[in-house]
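The values are calculated or read from the model by the stated rules, or taken from the named source; none is laboratory data. What you are looking at is a predicted structure, and each value in this text was computed from that prediction instead of being measured. Cβ sites come from the backbone with ideal geometry, for glycine too, and all protein chains shown count toward neighbours. Heads up: the accessible areas ignore ligands, DNA and RNA and are worked out on the full protein's heavy atoms, side chains in. Shrake-Rupley method; radii C 1.70, N 1.55, O 1.52, S 1.80 Å.
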Amino acid sequence: MAGDDRHDGPVELDGSEGEGGGQILRSALSLSLITGRPFHMKHVRANRQPPGLRPQHLACVRGAEAISGGQSEGAAVGASELRFQPGPVRPGNYVIEVGTAGSTPLLFQCLFYPLALAGGGSLTLRGGTHLPHSPSYHYVVGVWLPVARAYGMNASPRLVNAGFYPEGSGEFVVEVEPVREPPSRVELPARGTLNDISVNSFVGGLPFSIAERQSKAAVAALRERGIYSHAENRPMPTTRSVGTVTFILAQFENTLAGFTALGERGRPAEEVGREAAEELARFMESGGALDEHLGDQILLPAALLAAGKLGPASPATTRYTTQRVTEHLTTHAWLIERFLPVRVTVEPGGAVEVAPA
């Protein structure tokens with residue numbers, strides 16, 4: 001998948017490439033801020049219905065502008081074409097509204113790396129914290145952040161209020177630290193021995209008994225498969241948004257994996273717990289060291305290491321195996337190679353290598 005662009009000028013992007021969703025835009029914004037390279041994207045979110053920019057994607061553009069003084073053309077709801085010119089990212093304290101059902105974890109992932117590389121700062125993000133088709137707040141804290149730490153980057157998040165679909169109204173605050181010394185390489189070929197499985201069941205603005213029912217069903221579903229776990233039930237602060245979450249964290253000798261299921265009106269609590277358990281069971285049946293979402297999300301810090309953006313390192317290579325090769329992963333690899341002098345190799349069986357080009 002070698003990119004054929006020189007890595008010092010504007011980047012032309014087709015938003016219909018691969019999975020053709022919002023990830024292309026979010027990662028392009030992040031990489032543009034990191035490299036200082038402007039980009040022009042046509043066919044934004046061409047493979048989604050409705051296509052074009054939605055309010056949550058527009059919030060990412062506004063966030064990128066806010067932390068860098070950058071400028072955009074075409075940033076409007078429904079727009080299919082966008083130009084973005086980054087400015088120098090400035091450490092500081094930023095408050096960004098994503099909107100009612102916009103994902104604050106996705107916005108955080110977009111802005112985290114540029115802000116860390118610029119020296120750190122504080123982000124107050126308001127919108128949804130636990131939404132469908134998005135990493136949950138607890139996944140970001142429990143799985144994604146430990147991987148960022150492995151690359152010398154860290155942050156301290158705090159959940160103020162949970163925000164569920166469709167009302168949103170959630171908020172979390174995160175202190176982003178400056179980049180520390182990077183590793184020389186990251187090797188995650190196998191997950192190793194299973195050390196612990198914790199079932200975390202949450203309710204926000206609803207009876208606590210729902211959390212108990214979710215966790216009981218999850219623990220039972222795992223036990224049926226010979227997988228033993230322990231559970232903790234907790235309330236979450238909310239304002240006008242209500243909802244439930246089951247988050248299962250699996251800790252292995254070498255890696256972490258996380259699985260989230262969300263409640264919805266009319267859905268039995270037991271179904272929510274079983275859904276998260278079944279996702280974990282499918283992962284356990286695979287050979288990958290990382291769950292399919294982390295297998296995609298680790299690409300960006302791995303590419304920063306390979307490109308020397310985190311500091312001098314040799315051989316600056318990341319190797320890992322993922323549960324499944326998704327279109328998100330291959331599209332992300334294509335995008336990263338357009339911005340950075342790196343080579344991403346993805347084998348059909350799930351082995352991935354990110355190395356200097």
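Distance between the 7 Å Cα→Cβ label points at Arg149 and Ser314: 3.0 nm.
In this label model, Glu270 and Ser156 are separated by 4.4 nm, measuring between points 7 Å along each Cα→Cβ vector.
With a 1.4 Å probe rolled over the protein heavy atoms of all chains, the accessible area of Thr100, Thr326 falls in the order Thr100, Thr326, largest first.
Per residue, the accessible area of the range 72-213 comes to 39 Å² when a 1.4 Å probe rolls over the protein heavy atoms. If you sort His332, His43 by accessible surface, 1.4 Å probe, largest first, the order is His43, His332. Highest mobility in the GNM of the chain, judged by mean-square fluctuation with C-alpha springs under 10 Å and restricted to Ala289, Ala220, Ala118, is found for Ala220.
Mind running the shape call on the range 1-127? Use the C-alpha gyration tensor, a ≥ b ≥ c as the square roots of the eigenvalues: rounded below 1.5 for a/c, prolate if a/b tops b/c, oblate otherwise. Judged from the Cα gyration tensor, the range 1-127 comes out oblate (a/c at least 1.5, b/c at or above a/b). Given the options Asn154, Asn93, Asn195, which has the most mean-square fluctuation in a GNM of the chain, springs set between C-alpha atoms less than 10 angstrom apart? Residue with maximal mean-square fluctuation among Asn154, Asn93, Asn195: Asn195. In the chain, the DSSP-assigned H stretches of four residues or longer account for a calculated mean residue ellipticity at 222 nm of -9500 deg cm²/dmol, using -39500 (n - 2.57) per stretch and the full residue count as denominator.
Suppose the chain between Glu253 and His133 were pulled fully straight at 0.36 nm per residue; how much longer would it get relative to their current alpha carbon spacing?
On the way: separation 120, 0.36 × 120 = 43.20 nm, distance 2.83 nm.
Length gained between Glu253 and His133: 40.4 nm.
Out of the DSSP beta bridges found with both residues in the chain, what percent are antiparallel (nearest 5)? Walk me through the intermediate numbers first.
Numbers: 46 of 69 bridges.
Of those bridges, close to 65 percent are antiparallel.
Long hydrophobic helices in the chain: the complete DSSP H runs spanning 15 Å or more by Cα along their own axis with mean Kyte-Doolittle hydropathy of at least -0.5 are 22-35, 55-68, 104-117, 208-224, 327-339.
Of Thr330, Thr244, the order by accessible heavy-atom surface (1.4 Å probe, DNA, RNA and ligands excluded), from most exposed downward, is Thr330, Thr244.
Among the GluC sites (Glu not before Pro) within the range 70-137, which fall in a DSSP loop and have no more than 16 other Cβ atoms within 10 Å of their own Cβ? Could the numbers behind the result be given before it?
Details: sites: Glu73, Glu81, Glu97; in loops: Glu81.
Here the GluC sites (Glu not before Pro) that fit, given the DSSP loop and packing criteria, are Glu81.
Of the labelled options (i) 22.1; (ii) 16.0; (iii) 18.0, which one gives mean projected area of the Cα convex hull in nm² as computed for this structure? Entry (ii). Computed from backbone phi with θ = phi - 60° and the Karplus coefficients 6.51, -1.76 and 1.60, the 3J(HN,Hα) list for the range 81-89 is 9, 9, 10, 9, 10, x, x, x, 5 Hz; x is used for glycine and proline.
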